[in-house]
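For reference, the structure discussed in these notes is given below.
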Amino acid sequence: MPHKSTKNPLTPIKPRSLRLPPQNVAQALLGTYLVRNLNSCNTLVIRIVETEAYLGQTDPASHAYQNKRTPRTQTLYLNGGHAYIYLIYGLHNCLNVVTGNNTNGDAVLIRAGEPIEGRDIMIANRNLTRSATPRQIAGGPGKLCQALAIDRTLNAIPLDNPDAPLYLAQGTPVKKSQIIAGPRIGIDYAGEAKDWPLRYAIRNHPALSKPF
DNA sequence: CGGAAGATCCACT
DNA sequence: GTGGATCTTCCGA
């Protein structure tokens with residue numbers, strides 16, 4: 001049996017809650033836990049504090065825009081609840097949660113998280129020191145993946161299995177009044193879509209990738 | 001088969 | 001605020 005923290009029992013997320021529109025899922029994922037099982041003794045946990053919705057076929061910023069099918073984007077057309085992980089700028093991995101149940105290519109990018117368990121290992125993975133801030137550790141999609149040792153070898157796995165190397169677990173819901181929305185980051189190429197308010201975060205959280 | 005671009009991060013000014 | 005790193009992915013010829 002894998003060792004589990006007794007003070008913080010983690011319940012896997014219900015896939016049903018991910019088979020909804022990406023805007024809904026992006027907000028619902030705020031406050032939930034992302035769990036990385038490294039081996040039988042080491043578990044890393046981050047609380048998700050910032051997300052972005054990508055609207056699949058109808059979104060110029062999405063890799064699935066106009067139903068584009070390439071070897072890389074196949075994962076986006078899986079059922080909701082799978083991980084879509086890709087390499088960006090030749091350097092950084094980005095983690096998405098595929099959403100919906102109609103193979104639209106919808107997904108939610110996990111942009112930032114707050115270290116909950118295994119902070120020392122995250123700091124080592126990020127080549128930081130003990131004085132590192134939450135924003136330095138996982139305040140950005142590439143940083144978050146590096147902190148949790150997430151790369152493309154985990155692409156396309158389901159995220160509801162607590163025995164898998166990576167899964168989502170239920171957290172404490174975030175009040176609607178604490179959620180802020182704004183334009184997405186790094187998509188200047190996407191024309192009008194660059195202003196769509198599909199970036200969501202916990203208001204004023206110290207681990208956000210950028211202020212609103 | 002060449003070339004351009006990229007859902008980022010960091011160091012430097 | 002600016003530019004470089006770094007390499008996969010994709011498109012067009």
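Other residues within the sphere of radius under 13 Å centred on the Cβ of A:Y54, judged by their own Cβ, net out at +2 (K and R +1, D and E -1).
So if we plug the beta-carbon distance of A:N39 and A:K194 into 1/(1 + (r/R0)^6) with R0 = 30 Å, what FRET efficiency do we get, rounded to 0.05? About 0.15, to the nearest 0.05. For the peptides A:122-132, A:54-64, A:31-41, residues were scored by their other Cβ atoms within 10 Å and the scores averaged per peptide; the highest-first order is A:54-64, A:31-41, A:122-132. With N as its number of residues, segment A:78-195 has a Cα radius of gyration that, divided by 2.2 N^0.38 Å, comes to 1.13.
Of the three principal axes defined by the Cα atoms of chain A, the extents in descending order read 45, 37, 35 Å. Applying 1/(1 + (r/R0)^6) with R0 = 22 Å to the Cβ-Cβ distance of A:A181 and A:T58 gives a FRET efficiency near 0.75. For chain A, the mean residue ellipticity at 222 nm estimated from helices alone is -3000 deg cm²/dmol, where every DSSP H run of n ≥ 4 contributes -39500 (n - 2.57) and the total is divided by all residues, rounded to the nearest 500. Scaling the Cα radius of gyration of segment A:1-91 by the globular reference 2.2 N^0.38 Å produces a ratio of 1.29.
Here the Karplus curve 6.51 cos²θ - 1.76 cosθ + 1.60, taken at θ = phi - 60°, turns the phi angles of segment A:86-99 into couplings of 9, 9, 10, 6, x, 10, 10, 8, 10, 9, 10, 9, 5, 10 Hz, with x standing for Gly and Pro. Under a 5 Å amide H cut-off, with hydrogens placed 1.01 Å from N, A:I157 pairs with A:A83 among residues at least 5 apart or on other chains.
Computing Rg and the Kirkwood Rh from the Cα coordinates of segment A:36-84 gives a ratio, Rg/Rh, of 1.12. Look at the dipole of segment A:15-202 built from charges on Cβ: of A:P162, A:L44, A:Q66, the Cα furthest out on the positive end belongs to A:L44. The slack in the chain from A:L128 to A:L91, taken as 0.36 nm per residue of separation less the alpha-carbon distance, amounts to 11.5 nm. Overall, chain A carries a charge dipole of about 320 debye about its Cα centre when +1 sits on the Cβ of Lys and Arg and -1 on the Cβ of Asp and Glu, all other atoms neutral.
Highest mobility in the GNM of chain A, judged by mean-square fluctuation with C-alpha springs under 10 Å and restricted to A:E192, A:E50, A:E114, is found for A:E192.
Length available on full extension from A:N79 to A:T153: 0.36 nm per residue minus the Cα-Cα distance, which gives 24.8 nm. Sequentially through segment A:76-85, phi angles give Karplus couplings (6.51, -1.76, 1.60; θ = phi - 60°) of 5, 9, 6, 5, x, x, 8, 8, 10, 10 Hz, Gly and Pro residues having no value and appearing as x. Straight Cα distances below 29 angstrom link A:K14 to the lysines A:K4, A:K68, A:K143, A:K175, A:K176, with same-chain residues fewer than 8 positions distant left out.
Values in this text are rule-based calculations from the coordinates and carry no lab data. Given the structure is predicted, the values throughout are model-derived calculations rather than measurements. Every residue, glycine as well, gets a Cβ built from its backbone with ideal geometry; the counts of neighbours run over all protein chains shown.
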